[in-house]
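To keep things clear, I will list the structure first and then write my remarks on it.
The values are calculated or read from the model by the stated rules, or taken from the named source; none is laboratory data. Remember, it's a predicted structure, so these values are computed and weren't measured experimentally. Positions of Cβ are generated from backbone atoms using ideal geometry, with glycine treated the same way; all protein chains shown enter the neighbour counts. Only protein heavy atoms, including side chains, enter the accessible area calculation; ligands, DNA and RNA are left aside. Shrake-Rupley method; radii C 1.70, N 1.55, O 1.52, S 1.80 Å.
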Amino acid sequence: MATVAFIGLGNMGSGMAANLLRAGHALKVYDLNEGAIAALQEQGATPAASVSEAATGVDAVVTMLPAGQHVKSVYMGDKGILDTVSSGTILMDCSTIDVDSAREVIAAATAAGLDMVDAPVSGGVAAAAGGTLTFMVGGTETAFAAAKPYLDAMGANIIHAGDAGAGQAAKICNNMMLAIQMISVSEALVLAEKLGLSAQKLFDISSKASGQCWSLTSYCPVPGPVPTSPANNDYKAGFAAAMMLKDLRLAREAAASSGATTPLGELSEKLYTAYADAGNAGKDFSGIINMLREGEV
Ligand code: NAD
């Protein structure tokens, strides 16, 4: 078994790190929050006092941080990961960050002779704790092969999306689709209500017709048709509107820098901004149906 540095022990990282421990790896952990380090220490991890202390003498590094600026500073900053690790260490950034930052950090790692992947995840805190995340991985075949055994310990599906940055690209493209589809399903359900057509009937028909999609059949935004969806639990997240908004902003930035036209992605961002600003940032993203029903658009 290997020695792994894990940096970023928040809502997601704490569960992922615990799964690496359960798989038998020795873990060195670091976070700005000392309480998060202590919680992993209780489970058998070795605490570190800095990024460089965590990353010294390890076979692999996993990071799970909020945004691109944090990832850049932890890898490329003074006494950062790239300054510290020895050759042969595989680097995995599992944070959701902008494609350009992901490519910049991987280019710097490559220039330092190190293999690195961007490996953002789909699945929330429960999937992180349960080891059932889906990883979308960008990087060379060699880097992917080196990363896969570690990702296997934290996830159920590990997919090689392409070269550096392709994991982040897959993540934001998928979530832009999801946002647009959730709004489309919500609008149709609200229109059906106004027309006197029950949500269950529209669900029964559209789940067998051309409107079928995951937002309808697995995550239906009204209570009833899909008993496990957050609509049945007062829209408790699930996948918080604030997280969806972060991904839509990343999609807009990526569209601007690559010259892609994404009008519905941009409109979705505006609608999710209004929903989050109305006090719903922590609510599940499917609760946007309530804003649409009330006509507050
Ligand atoms: P979080 O805010 O709970 O955790 C981030 C952790 O990073 C915190 O503990 C923070 O103290 C630590 N940190 C920040 N800067 C640091 C630094 N310089 N050095 C060391 N530690 C530092 O966030 P999260 O919910 O765990 O999400 C992490 C990433 O995963 C984000 O990019 C998010 O978009 C993505 N993601 C989250 C979810 C989810 O449901 N929460 C789902 C999929 C993807």
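Does Leu114 satisfy the criteria of being crowded, with 16+ Cβ neighbours inside 10 Å, more than 16 Å from the ligand (Cβ to nearest atom) and in contact (Cβ under 8 Å) with a residue 12 or more places away in the chain? Yes. Criterion applied to Ala179, Ala188 was being closer than 21 Å to Met244 by Cβ, in contact with a Gly (Cβ under 8 Å, 6 or more places away or on another chain), open to solvent by 30 Å² or more (accessible area, probe 1.4 Å) and modelled with pLDDT of 95 or more, and the one residue passing it is Ala188. Exactly one residue out of Ala67, Ala108 is open to solvent by 20 Å² or more (accessible area, probe 1.4 Å) and within 12 Å of the ligand (Cβ to nearest atom), and it is Ala67. Scanning the stretch 10-52 for residues that are more than 24 Å from Ser122 (Cα to Cα), within 11 Å of the ligand (Cβ to nearest atom) and open to solvent by 50 Å² or more (accessible area, probe 1.4 Å) yields a total of 3. Filtering the stretch 224-238 for residues that are away from the ligand (no atom under 15 Å from the Cβ), within 28 Å of Gly165 (Cα to Cα) and not hydrophobic (A, V, I, L, M, F, W, C) leaves an empty set. Tallying residues that are within 15 Å of Asp31 (Cα to Cα) and of a type in the set (Asp, Glu) within the stretch 50-109 yields 2. Take Arg293 and decide whether it is within 16 Å of the ligand (Cβ to nearest atom) and among the basic types (Lys, Arg). In short, no.
Conditions (1) touching a residue at least 24 places away in the same chain (Cβ under 8 Å); (2) open to solvent by less than 30 Å² (accessible area, probe 1.4 Å); (3) over 27 Å from Ser198 (Cα atoms); (4) in contact with a Phe, Trp or Tyr (Cβ under 8 Å, 6 or more places away or on another chain), marked per residue:
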{"site": "Ser215", "(1), (2), (3), (4)": "yes, yes, no, no"}
{"site": "Leu245", "(1), (2), (3), (4)": "yes, yes, yes, yes"}
{"site": "Ala255", "(1), (2), (3), (4)": "no, yes, yes, no"}
{"site": "Thr261", "(1), (2), (3), (4)": "no, no, yes, no"}
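If you go through the stretch 122-148 and keep only what is crowded, with 23+ Cβ neighbours inside 10 Å and within 16 Å of the ligand (Cβ to nearest atom), you end up with Ala128, Leu133, Phe135, Met136, Val137, Gly138. Candidates are the residues of the stretch 70-101 that are more than 14 Å from the ligand (Cβ to nearest atom) and among the hydroxyl-bearing types (Ser, Thr, Tyr); the one that is least open to solvent (accessible area, probe 1.4 Å) is Thr89. When restricted to residues that are under 14 Å from Asp93 (Cβ atoms), part of a helix (DSSP H, G or I) and not hydrophobic (A, V, I, L, M, F, W, C), the stretch 1-20 contains 1.
Cβ-Cβ contacts under 9 Å between residues 6 or more apart (or on different chains), taken from a first residue in the stretch 222-238 that is touching a residue at least 40 places away in the same chain (Cβ under 8 Å) to a second residue that is among the acidic types (Asp, Glu), are listed as Val222/Glu193; Ser229/Asp284; Pro230/Asp284; Ala231/Asp284; Tyr235/Asp284; Lys236/Asp284; Ala237/Asp284; Gly238/Asp284. Among the residues of the stretch 157-176, those that are open to solvent by 30 Å² or more (accessible area, probe 1.4 Å) and among the polar types (S, T, N, Q) comprise Asn157, Asn174. In a residue-by-residue description of the stretch 192-207, the property of being more than 16 Å from Pro223 (Cα to Cα), open to solvent by less than 50 Å² (accessible area, probe 1.4 Å), out of contact with any Pro (no Cβ under 8 Å at 6 or more places or on another chain) and within 15 Å of the ligand (Cβ to nearest atom) applies to no position.
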